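**Student:** Supplied in structure tokens, the structure appears directly below.
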Amino acid sequence: MTDCIFYGGKGGVGKTTCAAATGLRLADAGRRTLIVSTDPAHSLSDSLEADVGPEPSELEVGPGPETTDEERLELDAGGSLWAVEIDAETQRERYEKLATALAADLRSAGIRLSDEEVERIFASGAPAGGDEVAALDLLVEYVDSGEWDVVVFDTAPTGHTLRLFDMPEVMGPVLETLQSLRGQASRIGTAAKSAVFGPMSMMTGSGTDGEESLEAFQARLGRARDLLADPERTEFRVVLVPEGMAIAESERLVETLRDAEVRVDRLVVNRVFEDPDEGCSRCQSRYERHAKRVSEIRETFPGLEVVTLPEREEEIRGLEAVRSIADRLPADP
């Protein structure tokens with residue numbers, strides 16, 4: 001059974017680094033792990049210093065320097081690290097292929113559309129919320145494949161993440177309306193039905209049967225919602241920095257996730273200044289300010305574990321740099 005760990009928070013707080021470090025730690029401990037970036041501004045490739053594309057690919061990571069003999073045996077028994085960046089271009093291309101197929105169906109039914117007309121109809125690309133819908137669809141695909149023990153999600157900034165968790169409920173009324181329209185369209189022929197439901201078939205990548213595609217898509221959204229709200233399999237970790245605005249935004253995010261019945265056990269406070277030089281008054285002041293913010297975070301989120309990661313002068317890039325903070329992050333959800 002595949003577990004899921006989501007990292008979310010406002011932009012620029014270090015979600016990608018946390019996701020990469022957690023995935024690497026799990027792989028070092030012998031778990032088959034997939035890191036998924038759903039952030040349109042992908043930085044997973046940069047963080048891991050590896051080529052990460054729109055399809056899951058295995059990375060050459062090897063055992064870490066702190067890996068125990070027991071963990072090395074587990075790693076030899078099947079631990080591995082995979083990564084993927086959900087690619088908006090790929091989704092757009094899938095939508096364009098759908099447009100071409102739909103136009104062919106219409107032409108075969110005697111409805112003539114020129115290439116220019118088809119292009120205008122689908123000029124806006126994927127429908128609103130397409131990124132979030134694609135993420136949910138791929139979540140189910142990755143989990144149900146059984147290829148990985150844990151899937152770690154590096155999510156987009158807070159607004160996109162909230163839409164991700166709202167999408168199953170938002171799409172429910174839309175799907176009900178489409179089902180009603182489908183019944184009416186069935187009375188005027190297959191071509192009309194394809195015209196109404198063709199755009200939805202992109203979500204499942206299944207055949208041209210609109211009825212089957214719509215029902216399969218609805219079932220997958222329901223499956224995604226159940227998985228997100230399953231506390232035995234899914235945990236959401238909020239990443240923030242020791243700043244007032246970040247604390248306030250994280251408070252809203254945690255509240256929304258709890259309302260959605262998504263398990264939130266931990267906060268990761270990134271870039272906390274530690275070990276100031278004794279002779280540096282500015283360093284001491286910064287250290288005290290961050291310590292005060294961390295205390296404020298603990299008071300604001302009672303009952304949640306607060307994990308801190310140190311501020312570093314250099315950017316955390318590459319496997320060894322990512323490994324250097326991995327042991328400070330909880331591994332299993």
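**Student:** Output the residue which, of all residues in the stretch 291-311 that are in contact (Cβ under 8 Å) with a residue 24 or more places away in the chain and either aromatic (Phe, Trp, Tyr) or loosely packed, with under 13 Cβ neighbours inside 10 Å (or both), is nearest to Leu59 (Cα to Cα).
**Tutor:** Going residue by residue through the stretch 291-311, those that are in contact (Cβ under 8 Å) with a residue 24 or more places away in the chain are 293-294, 296-297, 300-301, 304-311.
Then keep just the ones that are either aromatic (Phe, Trp, Tyr) or loosely packed, with under 13 Cβ neighbours inside 10 Å (or both); that gives 301, 305.
On the way: Phe301: 36, Glu305: 31 Å.
By that ranking, first place goes to Glu305.
**Student:** Something else: If a residue has to be in a strand (DSSP E or B) and within 13 Å of Ala156 (Cα to Cα) to count, how many in the stretch 1-49 make the cut?
**Tutor:** Start the filter on the stretch 1-49 by keeping residues that are in a strand (DSSP E or B), which leaves 3-8, 32-37.
Next, only the ones that are within 13 Å of Ala156 (Cα to Cα) stay: 6-8, 36-37.
Result for the stretch 1-49: 5.
**Student:** Next question, about the same structure. Of everything in the stretch 279-333, what is among the aromatic types (Phe, Trp, Tyr) and either under 30 Å from Met1 (Cβ atoms) or assigned to a loop (DSSP other than H, G, I, E, B) (or both)? Give them in sequence order. Give the derivation first.
**Tutor:** Our first condition is that a residue be among the aromatic types (Phe, Trp, Tyr); within the stretch 279-333, this holds for 287, 301.
If the condition is that a residue be among the aromatic types (Phe, Trp, Tyr) and either under 30 Å from Met1 (Cβ atoms) or assigned to a loop (DSSP other than H, G, I, E, B) (or both), then Phe301 is the only one that fits.
**Student:** Okay, moving on. If you check Glu288 against the conditions, is it surrounded by fewer than 13 Cβ atoms within 10 Å (Cβ to Cβ) and in contact (Cβ under 8 Å) with a residue 24 or more places away in the chain? Write out each step before concluding.
**Tutor:** On the way: surrounded by fewer than 13 Cβ atoms within 10 Å (Cβ to Cβ): yes; in contact (Cβ under 8 Å) with a residue 24 or more places away in the chain: no.
Against the criterion (surrounded by fewer than 13 Cβ atoms within 10 Å (Cβ to Cβ) and in contact (Cβ under 8 Å) with a residue 24 or more places away in the chain), Glu288 does not qualify.
**Student:** Report, by residue number, each residue of the stretch 310-328 that is under 11 Å from Thr17 (Cβ atoms) and of a type outside the set (Asp, Glu).
**Tutor:** Let us first name the residues in the stretch 310-328 that are under 11 Å from Thr17 (Cβ atoms), namely 312, 315-317, 321-322, 324-326.
Answer for the stretch 310-328, where residues must be under 11 Å from Thr17 (Cβ atoms) and of a type outside the set (Asp, Glu): Arg312, Ile316, Arg317, Ala321, Val322, Ser324, Ile325, Ala326.
**Student:** If you don't mind, another one. Please count how many residues of the stretch 257-275 are surrounded by fewer than 16 Cβ atoms within 10 Å (Cβ to Cβ) and assigned to a helix (DSSP H, G or I).
**Tutor:** Adding up the residues that qualify gives 2.
**Student:** Look at Arg237 and say whether it is surrounded by 17 or more Cβ atoms within 10 Å (Cβ to Cβ), of a type outside the set (Val, Ile, Thr) and part of a strand (DSSP E or B). Break it down stepwise before answering.
**Tutor:** Details: surrounded by 17 or more Cβ atoms within 10 Å (Cβ to Cβ): yes; of a type outside the set (Val, Ile, Thr): yes; part of a strand (DSSP E or B): yes.
So Arg237 fits the description; yes.
**Student:** Something else: Of (1) at pLDDT 55 or above; (2) more than 29 Å from Arg237 (Cα to Cα); (3) part of a helix (DSSP H, G or I); (4) aliphatic (A, V, I, L, M), Leu113 satisfies all except one. Which?
**Tutor:** (3)
The values are calculated or read from the model by the stated rules, or taken from the named source; none is laboratory data. Just so we're clear, the structure is a prediction, and the values are computed from it rather than from any experiment. Glycine also receives a Cβ, built like all others from the backbone with ideal geometry; neighbour counts cover every protein chain displayed.
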